[in-house]
1. Quick check on my filter: what residues within the stretch 212-248 are small (Gly, Ala, Ser) and more than 17 Å from the chain's Cα centre (by Cα)?
2. Restricting the search to the stretch 130-146, which residues are open to solvent by 10 Å² or more (accessible area, probe 1.4 Å) and closer than 17 Å to TRP171 by Cα?
3. Looking only at the stretch 117-167, how many residues end up being in contact (Cβ under 8 Å) with a residue 40 or more places away in the chain, among the charged types (D, E, K, R) and not in a loop (DSSP other than H, G, I, E, B)?
4. Restricted to the stretch 153-171, and to residues that are within 16 Å of the ligand (Cβ to nearest atom) and touching a helix residue (DSSP H, G or I) at 6+ places or on another chain (Cβ under 8 Å), which residue is farthest from VAL208 (Cα to Cα)?
5. State all residues of the stretch 162-186 that are in contact with an Asp or Glu (Cβ under 8 Å, 6 or more places away or on another chain) and of a type in the set (Gly, Ala, Ser); if no residue qualifies, say none.
6. Counting only residues that are within 11 Å of the ligand (Cβ to nearest atom) and either aliphatic (A, V, I, L, M) or modelled with pLDDT of 95 or more (or both), how many does the stretch 172-209 have?
7. Residue pairs, Cβ under 7 Å, 6 or more apart or interchain, first in the stretch 222-243 and within 17 Å of GLY29 (Cβ to Cβ) and at pLDDT 95 or above, second away from the ligand (no atom under 15 Å from the Cβ) and part of a loop (DSSP other than H, G, I, E, B). List them.
8. Filter the stretch 210-254 down to residues that are open to solvent by less than 40 Å² (accessible area, probe 1.4 Å) and assigned to a loop (DSSP other than H, G, I, E, B) and give me whichever is farthest from the ligand (Cβ to nearest atom).
Amino acid sequence: MRQSLIAGNWKMNGGREANAALVGRIAGGLAERPGAEVLVCPPAVYLESVARLIQGTAIRLGAQNLSEQEKPGAFTGEIHGAMLSEAGCEYVIVGHSERRALYGDTDAAVARKFKTAQALGLTPILCVGETLEQREQDQTEAVLQRQLGAVLELCGVESLARAVVAYEPVWAIGTGRTATPRQAQAAHAFLRAQVGARDARIAAALRVLYGGSVNAGNAGTLFAEPDVDGGLVGGASLKADEFLAICAAAQAQLPKS
Ligand code: PGA
C-alpha cells in the first residue's frame, strides 16, 4: 500500500519570520485533517529552525540537496548528509532539474548523491523529467530510463525500497503549465514498469510523486491517477492555504496498491 506524500520544495525562498508563519499555518491546518504524509524542504540554513517549528506537528523535514561525499572533510560550501540528519531531515531531494540544468548535476553525480543519502540514513527523493524539446522529439521515455537507470545501475533495484521518485517534466516547473493527468499517469506507469521489470514487489510499493505547477485546482485530478502517489510542490508550497488544499486533495485518495 502506498500512502500519499506531499513534499513542499521551498527552493531558495523563505526567511525566519515567513517560515514561522507558513509552518504555523500548515501545522494548524493539518492538525484538523491528518492523513497524507507532509514534508517541507526549506533552504539548508533554515533546517534547524524549521525542525524546531515542526516539533510535535505532523510535518516532516527534508533538504533540497546534499554532498555526494560519504565522509566529511575539505569540501568548501558543501553539506554532508549526516549534518542534514542531525538538523532533523528524514528526506533529501536529489537531481532536481534546476540542479541538473544550473549546477551541473549529471546523471552519475545524482546517482552518487542518491547512494550517499541512503548510506547516511536519509530517504532520497529522486527527481527525473524531460525538457519540452525532449518531449517534442518523443524522447520522454528515453530520458526517464536514462535518469532512473543511472541510479538502478549504481545502487541496484533494492535501493528503491527506501526511496521516492518524483516525475517532474521540466516544461511544467514554475511555468503554470501542468502535465495533463494522462501525461503524468503515462510517465509514472513507465517509471514504475522500469522498476517492475527488475522487482515487482519494490515497484508496487514505490511512491512516485508528480511535480510541475501543482496547485489547489489541479491536484485532485492528478492525484486520482492510479500511479500518482502525491506531489512535489514548488511555488504553491509557499502559500499555506494553497499547500493545505493540495494536502487535502492527497488525503482524499485512499492508499494505492
Ligand atoms: P513548481 O515547482 O510547483 O513551482 O512548478 C515544482 C518543483 O520544482 O519541484
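The values are calculated or read from the model by the stated rules, or taken from the named source; none is laboratory data. Since the model is a prediction, treat every value here as computed from it, not as a measurement. Ideal geometry is used to build each Cβ from the backbone, glycine not excepted, and the neighbour counts take in all protein chains shown. In case anyone asks, the SASA skips ligands and DNA or RNA and just uses the protein heavy atoms, side chains included. Shrake-Rupley method; radii C 1.70, N 1.55, O 1.52, S 1.80 Å.
1. Residues of the stretch 212-248 that are small (Gly, Ala, Ser), as a first pass: 212-213, 216-217, 219-220, 224, 230-231, 234-237, 240, 245, 248.
Of everything in the stretch 212-248, those that are small (Gly, Ala, Ser) and more than 17 Å from the chain's Cα centre (by Cα) turn out to be ALA216, GLY217, GLY220, ALA224, ALA240, ALA245, ALA248.
2. Within the stretch 130-146, THR131, LEU132, GLU133, GLN134, ARG135, GLU136, GLN137, ASP138, GLN139, THR140, GLU141, ALA142 qualify.
3. Number satisfying all stated conditions: 4.
4. So in the stretch 153-171, the residues within 16 Å of the ligand (Cβ to nearest atom) come out as 164-171.
If we keep only those that are touching a helix residue (DSSP H, G or I) at 6+ places or on another chain (Cβ under 8 Å) as well, we get 165, 167-171.
On the way: VAL165: 5, TYR167: 7, GLU168: 10, PRO169: 13, VAL170: 16, TRP171: 18 Å.
Here the residue is TRP171.
5. ALA184, the sole residue that qualifies.
6. 4
7. GLY230/SER4; GLY230/ALA36
8. ASP227
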